[in-house]
Amino acid sequence: MTDTLRATEDTAADPGPVPFLDLAAQQAEVADEVLATWQQQLVTASFIGGVEVAAFEREYAEYIGVEHCIGVGNGTDAIELALRAVGVGRGDEVILPVNTFIATAEAVSRVGATPVFVDVDDEHLLIDPRAVDAAVSERTRVVIPVHLYGQTAPVEAIESIARRHDLIVVEDAAQSQGASSAAGRAGALGRVAATSFYPGKNLGAAGDAGAVLTNDAAVAGVVRELGSHGSRVKYVHDRVGGNSRLDSVQATVLRAKLRRLDGWNANRRAAAARYAELLADAPGVRIPVSRPGNTDVWHLYVVRVDERDRVLDGLAAAGIGAAIHYPVPLHLTGAYRDLGYREGQFPIAEASSSRILSLPMSPHLSSAQQERVAEVLRDLTSAGAAAT
Ligand SMILES: *Cc1c(COP(=O)(O)O)cnc(C)c1O
């Protein structure tokens with residue numbers, strides 16, 4: 001009796017270090033079935049393409065609710081191939097939010113087009129449709145809503161702007177596997193969507209992987225050709241492509257994890273609700289809220305605090321893994337200096353970049369761990385509030 005009580009108290013008082021994301025716990029859940037299939041693959045030596053890849057593509061297309069899923073090498077390639085497949089190239093402009101992972105912009109640059117950055121909305125830090133409308137020019141061909149942090153971007157509003165200006169919507173769904181809004185599931189809302197299965201995403205492989213999703217059979221065909229040396233039939237090369245394919249080793253992991261994705265996303269939603277409760281009255285902590293009608297999959301749980309760097313250091317000192325997504329808005333990175341943007345041009349993204357803080361979030365986060373995070377965070381932000 002005393003022992004049981006003690007054990008409970010100990011866990012509650014000190015859950016130990018809290019990792020930003022507990023990937024080992026995810027692997028442990030799927031290890032047995034993955035290892036059995038990997039063993040078969042070593043024997044049959046089926047590594048590129050093959051039944052596991054085809055099965056995953058079918059299952060993921062069905063899960064998202066689109067006709068075609070084409071597995072590719074990674075998420076950055078997925079965006080690039082999606083852009084090339086809809087005909088974007090040199091001289092074209094592509095509108096994207098300035099608060100995203102740099103890969104969204106890199107893909108635009110790699111097809112020879114020019115990234116045109118727009119600000120985000122203060123409430124959700126997602127691409128702002130009004131800013132998109134204002135940024136459209138004669139040369140705009142595509143707009144990329146990024147479903148950031150596990151939320152669905154306001155695609156309905158963007159679709160109506162796109163229709164008015166004859167633009168193509170290409171979704172960046174790398175952070176939103178399983179998310180949806182009133183309009184439907186993220187990844188099924190534009191002409192074509194790109195996603196990433198980088199290990200840390202909600203649906204992650206055991207290495208690099210990605211996919212392109214679409215209902216457009218012609219686009220699907222071009223993506224598949226481009227990713228396989230421009231050929232449909234071996235050694236018949238109809239266009240200059242490259243090499244970007246999903247392999248069997250990754251497809252096996254993805255199939256096992258896809259079966260658990262809804263459960264894992266539900267755990268993330270429960271964890272987000274618990275954080276919201278624990279942090280409701282924490283001084284100086286602005287907690288994230290989901291867009292109305294959204295089923296958020298909480299890829300990241302991003303709060304905003306004053307003196308963010310001091311708070312981040314304090315969390316690290318207490319063994320809590322926190323991070324920043326993203327510390328520098330894209331227009332202020334060295335990579336995009338040459339585009340000629342100025343500081344002050346995207347006030348919301350710029351102001352939030354010094355305040356955002358991603359707390360530990362994963363399907364396997366325990367309530368004891370969350371209580372610990374909230375307690376340390378509250379101490380750190382109260383100290384700041386007291387000093388001012
Ligand atoms: C991860 C990510 C990508 C790129 O995916 P990779 O598989 O790492 O190439 C693109 N966009 C966003 C928003 C991402 O989070």
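The values are calculated or read from the model by the stated rules, or taken from the named source; none is laboratory data. In this text the structure is predicted, and so the values were computed from the model without any measurement. Don't worry about glycine lacking a Cβ; one is built from the backbone with ideal geometry, like all the others, and counts go over all protein chains shown.
Structure above, values below:
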{"item": "Condition check for V219: more than 14 Å from the chain's Cα centre (by Cα), crowded, with 21+ Cβ neighbours inside 10 Å, more than 16 Å from the ligand (Cβ to nearest atom) and touching a residue at least 12 places away in the same chain (Cβ under 8 Å)", "result": "yes"}
{"item": "Selection within the stretch 176-200 - charged (D, E, K, R) and surrounded by fewer than 21 Cβ atoms within 10 Å (Cβ to Cβ)", "result": "R191"}
{"item": "Odd one out for V305, checked against (1) farther than 20 Å from P17 by Cα; (2) away from the ligand (no atom under 16 Å from the Cβ); (3) surrounded by fewer than 18 Cβ atoms within 10 Å (Cβ to Cβ)", "result": "(3)"}
{"item": "Flag for L148 being within 11 Å of the ligand (Cβ to nearest atom) and of a type outside the set (S, T, N, Q)", "result": "yes"}
{"item": "Number of positions in the stretch 230-262 that are among the hydroxyl-bearing types (S, T, Y), farther than 30 Å from D32 by Cα and part of a loop (DSSP other than H, G, I, E, B)", "result": "1"}
{"item": "Number of the condition not met by T252 [criteria: (1) surrounded by fewer than 24 Cβ atoms within 10 Å (Cβ to Cβ); (2) away from the ligand (no atom under 16 Å from the Cβ); (3) among the polar types (S, T, N, Q)]", "result": "(1)"}
{"item": "Every residue from the stretch 154-174 that is surrounded by fewer than 19 Cβ atoms within 10 Å (Cβ to Cβ) and not in a helix (DSSP H, G or I)", "result": "D166"}
{"item": "Residues located in the stretch 182-218, provided they are modelled with pLDDT of 95 or more, part of a strand (DSSP E or B) and among the small types (G, A, S)", "result": "A193, A194, S196, G210, A211"}
{"item": "Test: V94 is within 16 Å of the ligand (Cβ to nearest atom), over 18 Å from the mean Cα position of the chain (by Cα) and in contact (Cβ under 8 Å) with a residue 12 or more places away in the chain", "result": "yes"}
{"item": "Some residue of the stretch 362-373 being under 18 Å from L148 (Cβ atoms) and within 23 Å of the chain's Cα centre (by Cα)", "result": "yes"}
{"item": "Where a residue in the stretch 323-335 is polar (S, T, N, Q) and its partner, wherever it lies, is in a loop (DSSP other than H, G, I, E, B), with Cβ under 9 Å and at least six apart", "result": "T333/I102"}
{"item": "Unique residue being at pLDDT 95 or above, surrounded by 17 or more Cβ atoms within 10 Å (Cβ to Cβ) and not assigned by TED's automatic domain parsing to the domain that holds T100 when the list is L339, L365", "result": "L365"}
{"item": "Residue among V289, V297 that alone is in contact (Cβ under 8 Å) with a residue 60 or more places away in the chain and either buried (at least 21 other Cβ atoms within 10 Å of the Cβ) or in a strand (DSSP E or B) (or both)", "result": "V297"}
{"item": "Selection status of R58, part of a loop (DSSP other than H, G, I, E, B) and more than 30 Å from S353 (Cβ to Cβ)", "result": "no"}
{"item": "Number of the condition not met by T140 [criteria: (1) touching a residue at least 24 places away in the same chain (Cβ under 8 Å); (2) among the polar types (S, T, N, Q); (3) within 16 Å of the ligand (Cβ to nearest atom); (4) touching a strand residue (DSSP E or B) at 6+ places or on another chain (Cβ under 8 Å)]", "result": "(3)"}
{"item": "Of all residues in the stretch 67-88 being closer than 11 Å to A194 by Cβ and within 11 Å of the ligand (Cβ to nearest atom), the one that is surrounded by the most Cβ atoms within 10 Å (Cβ to Cβ)", "result": "I79"}
